[in-house]
Amino acid sequence: MSQETTLDGARVSVRVPAKVNLFLAVRGVRDDGYHELTTVLQTVSIFDELRVAVTGPPGQGHHPAARRRMRLVLRHGGQAGLPDGEANLAVRAGLLLGRAAGVLDGVTETAPAGPTTLLELAKAIPIAGGMAGGSADAAAALVALNELWRCELPRQRLRELAGELGSDVPFCVTGGTALASGRGTALAQVLCKGRFHWVVVPDAVPLRTGDVYRAWDERCEASEIEPDAVLQALRSADAVALGAALHNDLEPAAFALRPELADRKDRLIAAGALGAVLSGSGPTMLALVADKSHARAVADVVTPALGAPILATSPAGGPEVRASATPPRSRDPERPLK
Ligand code: C5P
């Protein structure tokens, strides 16, 4: 993002973590077609970074009316499988926020030349891996653009908008550790005293969340298992207990679609992990380990058979504004842009 094209020098950078489901129980199908869940979510230290700025010809974009015609453009490293334009959840988040806050009048990819809000995405979270990568980017866009455009919507309002974008997005706006119910959007904060270490095994071939839930419909029954053991392990910082309590009702469905995932889980346990579990709807597999050196030892055993694992820790906070430069309000009495 080159400085000379940035209007007013306004730019914001947000770092956002991936999530894992330490526990996921499927209670059945809801009237709206989604599945009723009880799940314990936690952020892990694999981060995407979203940088946003208003760019365009100097002298434009200062007036709210000009910004109403603003384009929203996403740039990324060209990774395979990463959706472009409005197919990307971060762009959809920007359009939703822009409309909700009264910043943008309409869809703007084809707007006439003028100010452009540029979203630059640097990805480390596996794409379509069951770690809420797209949802994290959407959360980052809500937080970053709320600041860049000075919408001043409270986090609670951002969480409401997030729920319109996807089931995992409200949690990604919050971060930390949470117990979720409903389709995954009703959140209660959970006490977590420990810091946990993970060997994360991504898969190059994505699994579609909807396909995994359909496979669950075809072969699985609603479960009544409760997350008490996971919650207790988090409260008492007990990695051994957490390893034993990790649970995901979507595993049989994902394993049916991708049989090698079951073998992957067995290998991680055989390599000495305290426990292993599918991340969300997969295909990423997570192995809990005792500490950093245990993580290296387990990773060494499974590399290269399972590819190149990522070492991570949890919890990892929430979306974090790492750099922000927005011009002072007094320079333009017509702001904020809402
Ligand atoms: O909410 P999100 O767009 O992330 O969900 C993707 C798909 O996963 C949905 O279209 C639905 O098929 C499935 N899903 C579900 N129940 C949930 C969450 C997701 O059936 N609680």
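Working from the Cα coordinates of segment 73-215, the gyration tensor eigenvalues give, after taking √(5λ), semi-axes of 26, 20, 14 Å in decreasing order.
Mean 1/r over all different Cα pairs, inverted: what Kirkwood radius does segment 235-320 give, in Å?
13.6 Å
Along segment 148-158 the Karplus relation, 6.51 cos²θ - 1.76 cosθ + 1.60 evaluated at θ = phi - 60°, assigns HN-Hα couplings of 4, 7, 6, 6, 6, 6, x, 3, 4, 5, 4 Hz to successive residues, with x for each Gly and Pro.
Here segment 191-237 exposes an accessible surface that is 47 percent carbon and sulfur, computed with a 1.4 Å probe and the other protein chains kept in place. Peptide packing: for 71-77, 241-247, 15-21, 194-200, the average count of neighbouring Cβ atoms within 10 Å per residue gives the ranking 15-21, 194-200, 241-247, 71-77, highest mean first.
With 5 Å bins beginning at zero, the pair-distance distribution over Cα atoms of segment 165-231 amounts to 3, 11, 15, 19, 24, 20, 6, 1 %.
Take the Cβ-Cβ distance between ALA270 and SER181 as r, set R0 to 35 Å, and report the resulting FRET efficiency rounded to the nearest 0.05. Walk me through the numbers on the way to the answer.
Details: r = 34 Å, r/R0 = 0.98.
The pair ALA270/SER181 has a calculated efficiency of 0.55.
Scattering from the chain was approximated by placing one identical point on each alpha carbon and applying the Debye formula without solvent; log10 I(q)/I(0) at 0.08, 0.09 1/Å stands at -0.39, -0.49.
Taking label points 7 Å from Cα along the Cα-to-Cβ direction, ARG195 and ALA256 give a separation of 4.1 nm. Over segment 112-182, the fraction of Cα-Cα pairs per 10 Å bin, rounded to whole percents and listed from the shortest bin up, is 18, 47, 28, 6, 1. Between GLU160 and ALA323, the FRET efficiency from the beta-carbon distance, with R0 = 25 Å, is close to 0.40. Around the amide H of GLY176, modelled in the peptide plane, lie the amide H atoms of THR43, ALA316, GLY317, GLY318, all under 5 Å away and 5 or more residues distant in sequence or on another chain. Spin-label model, GLN79/ALA244: points 7 Å from Cα along the beta carbon direction are separated by 3.6 nm. Pairs of Cα atoms nearer than 8 Å and 6+ residues apart set the relative contact order; for segment 214-338 it is 18 percent. Per-residue ellipticity at 222 nm computed for the chain from its helices equals -9000 deg cm²/dmol, with DSSP H segments shorter than 4 residues left out and the rest contributing -39,500 (n - 2.57). Highest mean packing comes first when the peptides 251-257, 91-97, 162-168, 151-157 are listed by Cβ atoms within 10 Å, giving 91-97, 162-168, 251-257, 151-157. Which GluC sites (Glu not before Pro) in segment 210-276 pass both tests, a DSSP loop state and at most 10 other beta-carbon atoms within 10 Å? Filter output for segment 210-276: GLU221, GLU224. Which shape class applies to segment 148-193: rounded if a/c is under 1.5, otherwise prolate when a/b exceeds b/c and oblate if not, where a ≥ b ≥ c are the square roots of the Cα gyration tensor eigenvalues? The shape class here is oblate. For segment 142-291, the share of alpha carbon pairs falling in successive 10 Å distance bins from zero is 10, 32, 36, 17, 4, 0 percent. For the chain, a Gaussian network of Cα nodes joined below 10 Å ranks SER279, SER314, SER223 by mean-square fluctuation, and the top entry is SER223.
Here the simple spin-label model places points 7 Å from the Cα toward Cβ, and for CYS220 and ALA124 these points are separated by 3.0 nm. Relative contact order for the chain: 26 percent, from Cα pairs under 8 Å spaced at least 6 residues apart, divided by residue count.
The values are calculated or read from the model by the stated rules, or taken from the named source; none is laboratory data. Here the structure is a predicted model, which is why all the values come from computation and not from measurement. So basically every Cβ, Gly included, is an ideal-geometry build from the backbone, and we count neighbours across all protein chains shown. The protein model used for the area step is the full one, side chains on, heavy atoms only, and it has no ligands, DNA or RNA in it. Shrake-Rupley method; radii C 1.70, N 1.55, O 1.52, S 1.80 Å.
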